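The values are calculated or read from the model by the stated rules, or taken from the named source; none is laboratory data. This one's a predicted model, so the numbers in the text were calculated from it and none came from an experiment. Quick reminder, even Gly has a Cβ in these numbers, built from the backbone with ideal geometry, and neighbours come from all protein chains shown. These area figures cover heavy atoms from the full protein model, side chains too; ligands, DNA and RNA do not enter into them. Shrake-Rupley method; radii C 1.70, N 1.55, O 1.52, S 1.80 Å.
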Amino acid sequence: MFKKSGSNIDEIPSIESTIGDVCVYNAPNDKLSIVNDWSADKYPIDTYVPIGLVVVPGSHNVYGDGTCGVMSLNHMNCDTPTTGGSAQGMYWGVYGTDIDTLENLDEVPYVGSNGNVGDTIIGVTGNAYLPSDHANFTAVTNPYDPGTKYYYNDSDKYIPSPYMNDGTFNPNYSMTGSPSSAANCLADFDGKGNTQKIIEVRGSKDYSSWTPSTTTQADYPAASCCDMYFTQGTNQGDWYLPSAGELGYAVVRQQAINDKINELVSAGITSANPVQLNYYWSSSEYSSSYARYLGFYGGDVANYRKYGSLYVRAFLRV
């Protein structure tokens with residue numbers, strides 16, 4: 001269970017979170033809870049309001065404090081930024097402007113040769129590819145996590161899964177020491193901090209009267225929509241644009257995530273919609289002109305010009 005206090009979400013003793021668990025707002029008690037056996041019969045939606053899904057398990061402790069990463073049930077949308085909406089492409093930010101408080105993360109680790117465990121892990125500045133449990137990923141079985149496979153492509157640059165075979169965290173996913181790089185974007189789990197830095201560069205806005213434009217670079221619409229978004233039990237500023245390391249978890253378990261979202265939709269949660277087989281912005285910066293994106297179709301971890309239009313999902317630390 002998680003108690004909401006002001007604009008902060010404070011952890012109190014709870015079940016161990018795993019990917020696909022549902023984060024609900026317990027309206028009568030004004031608190032957030034993570035439930036791993038959600039059903040509309042057990043948790044009536046008029047009392048336990050689903051607001052997100054666990055994507056980064058607390059057991060992996062990537063945040064250093066045992067919290068987990070929760071993904072929004074719907075996409076960010078500049079027309080309705082406070083509530084989200086249908087999938088909408090939007091810019092990341094200003095092309096040619098380096099946010100000097102963000103690291104330029106220009107490498108990802110890969111193991112080569114079909115992802116064999118024994119291969120040497122090295123860094124690459126171009127594209128590399130995550131595995132996934134989605135049906136489109138059918139070429140190469142992931143040695144770290146037999147439940148996932150890599151998508152067929154003409155590259156041998158396969159990224160280690162964040163999961164080991166027993167479900168524990170795979171440190172190779174986010175390694176920053178040699179032979180990989182301290183600039184590994186998948187070692188970035190600070191989407192919340194990144195978003196705050198982006199918003200500081202954008203400048204303060206009156207959210208009661210201002211909305212970002214999808215194609216106005218100075219609006220930093222991807223981060224702005226996440227910062228403006230809120231649900232029952234959360235406030236503006238609680239949600240954020242996820243980092244590359246966080247978003248990678250969603251790519252790897254996209255089928256499990258969408259199965260749960262479809263279950264929620266069937267139960268009457270009309271605001272929920274599945275992640276798309278498309279490209280999504282992260283809050284990780286690549287350079288002054290490019291930011292990191294992750295592909296839910298091919299598992300790509302690459303970079304794109306900041307005025308490119310990609311989809312956005314918000315995350316919440318719980």
Rounded, prolate or oblate: which fits the range 154-240, taking a ≥ b ≥ c as square roots of the Cα gyration tensor eigenvalues, rounded meaning a/c under 1.5, else prolate when a/b beats b/c? prolate
Take Ser39 and Arg305, extend 7 Å from each Cα along the Cα→Cβ direction, and tell me the distance between the two endpoints in nm. 5.2 nm
Using a 1.4 Å probe on the protein chains only, how many percent of the accessible area of the range 199-318 belongs to carbon and sulfur? 42 percent
Point-to-point label distance, Ala139-Glu103, nm (Cα→Cβ direction, 7 Å offset): 2.9 nm
Given the Cα-Cα distance of Ser204 and Asp154 and 0.36 nm per residue of separation, how much length would full extension add, in nm? 13.5 nm
If N is the residue count of the range 90-183, its Cα Rg over 2.2 N^0.38 Å rounds to 1.19
Using the crude model of +1 on Lys and Arg Cβ and -1 on Asp and Glu Cβ, and no other charge, please compute the dipole size for the range 17-102 relative to its Cα centre, in debye to 20. 120 debye
Residue-normalised accessible area of the range 67-106, expressed per residue, 1.4 Å probe, Å²: 35 Å²
Calculate, for Asn116 and Ser288, the FRET efficiency according to 1/(1 + (r/R0)^6) with r their C-beta to C-beta distance and R0 41 Å; round to the nearest 0.05. 0.70
Sequence gap of 8 or more, or different chains, plus Cα separation below 26 Å: how many lysine pairs satisfy both in the chain? 23
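Per residue, what volume in Å³ does the convex hull of the Cα atoms of the range 33-128 enclose?
Each residue corresponds to 227 Å³ of Cα convex hull volume.
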Need one number: nm distance between label points at Ser271 and Tyr297, each 7 Å from Cα along Cα→Cβ, rounded to one decimal. 3.0 nm
Candidates Asp219, Asp156, Asp41: whichever shows maximal mean-square fluctuation once the chain is modelled as a Gaussian network with Cα springs under 10 Å: Asp41
Rounded, prolate or oblate: which fits the chain when a ≥ b ≥ c are the square roots of the eigenvalues of the alpha-carbon gyration tensor, with rounded for a/c under 1.5 and prolate only if a/b beats b/c? oblate
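Normalised by the empirical 2.2 N^0.38 Å for globular proteins, what value does the Cα Rg of the range 233-318 take?
In units of the 2.2 N^0.38 Å rule of thumb, it is 1.16.
Ranked from highest to lowest mean number of other Cβ atoms within 10 Å per residue, what is the order of the peptides 285-291, 312-318?
312-318, 285-291
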